[in-house]
Structures are given as C-alpha cells and as structure tokens.
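Some notes on the structure that comes next.
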Amino acid sequence: MQPVSLVEIERSIRNVPDFPKPGIQFKDITPVLADGRLFGAVLDHLLEGIRPGTIDKVVGIDARGFIFGAAAAAKLGSGFVPVRKKGKLPWTTHEQSYELEYGSATVAVHVDAVQSGERILLVDDLLATGGTAAAAVALLEKLGARIIGVNFVIELGFLDGLKRLGNHPVRSLITY
Ligand code: AMP
C-alpha cells in the first residue's frame, strides 16, 4: 500500500469557518478519523521516531486528544491517561486553570495517574494559543512526570502557542 503523505492528510482536514463562534476557523479532523488509511497514517506520523518501550504513558487532552492519544498508547503498548475538563474525573485530582480569550478554564488529572519519573508523551489534536497544553504540562510536572514529547496533529503557528511550552520537545504534523 502507498504510504500516506502529510499533504494528503492536510487535504482531508475540513476547515469550518465561524465555528463555534465568529472569526474561528475550526479544523475538523473527523474526515481523517473516518478513513482508516488516513487515521492510521496520522498515528504513524505522530509516533515517528518513538520506539516502543520508551514511553510509559501517553497523556491525551480532553476531548480530541483522547482519540489520538489512546490509539497511540495502544500502538506503543503504553498506558493511557486522560487530562479532563474540571469536574469530569471521579477520583482525587490536581487542577490547573488557564486564561482563555474570555474568562478561564480548568483541566484536571487523577493524582495517581502518573508516577514520579514516568516517561510521558503528551498528545492533542491541535495547538492554538498553547494554554491548554501548558496547563496539562503543569499538571504532569506536579506529578513528577518526565515529558519526553508534546505532539500535535495540527499547529496554528500564527498563535505562537509554542512559546507557552518552554523547552519541551514539541512536534506538529501540519502547521497553518
Ligand atoms: P489552545 O489552548 O488555545 O492551544 O487551544 C487548544 C485546544 O482547543 C485544543 O484542545 C483544540 O482541540 C481546541 N482548538 C482551539 N482552536 C481550534 C481550532 N481552530 N480548531 C479546532 N480545535 C481548536
């Protein structure tokens, strides 16, 4: 079978103007998910250079980060940990708030989800301003995680989200 290029994946991402509010160009990855060949290729690209046995847990960010993160974890043979929006996790959590354009948001992780020193790959579908990913990184650092990589399918480069992620190794497959 022909390998799938990033260009082909990019062509399948649907741009939805003015969703969920005016001015936002929403990057809809559902057409990629619906095509097994493309979904598999995104996972292959996301995990390029990462050998099985080098990541203890993949952490996915609510909600589309769960889709890529859980599939990546299964492929690596690693555990999966969800970072969720506040109020969704049933056990004791650490919480981290961050600023949005209007107001703020809070993400949470179970206090026992990651052990100190565990090697973590953080995954989300899209890096915009970086607030969400930076909050997830702060939670993981609180747990003593070693963040091996922060991988995104899409990066909106013009929003400078990279700046919020410090010196962590960040990789994005497709940049706008
Ligand atoms: P941010 O915290 O600004 O980096 O926003 C990243 C989070 O918001 C990710 O979990 C994305 O799923 C979501 N997001 C932000 N902007 C977009 C967009 N234009 N299209 C799709 N998802 C977005």
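Only the coordinates and a few stated rules stand behind these numbers; no lab work does. All of these numbers come straight from a predicted model, not from anything done at the bench. Every residue, glycine among them, receives a Cβ derived from its backbone with ideal geometry; neighbour counts consider all protein chains shown.
State, to one decimal in nm², a quarter of the convex hull surface area for the C-alpha atoms of the range 36-176, i.e. the direction-averaged projected area.
Projected over every direction and averaged, the Cα hull of the range 36-176 covers 8.3 nm².
Net charge within 15 Å of Gly49 by Cβ-Cβ distance, Lys/Arg positive one each and Asp/Glu negative one each, not counting Gly49 itself?
Its environment carries a net charge of +2.
Where a Cα-Cα gap under 18 Å defines reach, which lysines qualify for Lys75, not counting those fewer than 8 residues away within the same chain?
Partners found: Lys57.
In straight Cα distance, which aspartates and glutamates are under 14 Å from Lys88, not counting same-chain residues fewer than 8 positions off?
Result set, ordered by chain and number: Asp62.
Would you please put 46-57, 147-158 in order of how densely packed they are, using the mean number of other Cβ atoms within 10 angstrom per residue and starting with the highest?
147-158, 46-57
Give the lysines whose C-alpha is closer than 16 Å to that of Lys27, dropping any in the same chain fewer than 8 places away, or say none.
The qualifying lysines are none; the list is empty.
Treating only the Cβ atoms of Lys and Arg (+1) and Asp and Glu (-1) as charged, compute the dipole magnitude of the chain about its Cα centre; round to the nearest 20 debye.
So the magnitude is around 220 debye.
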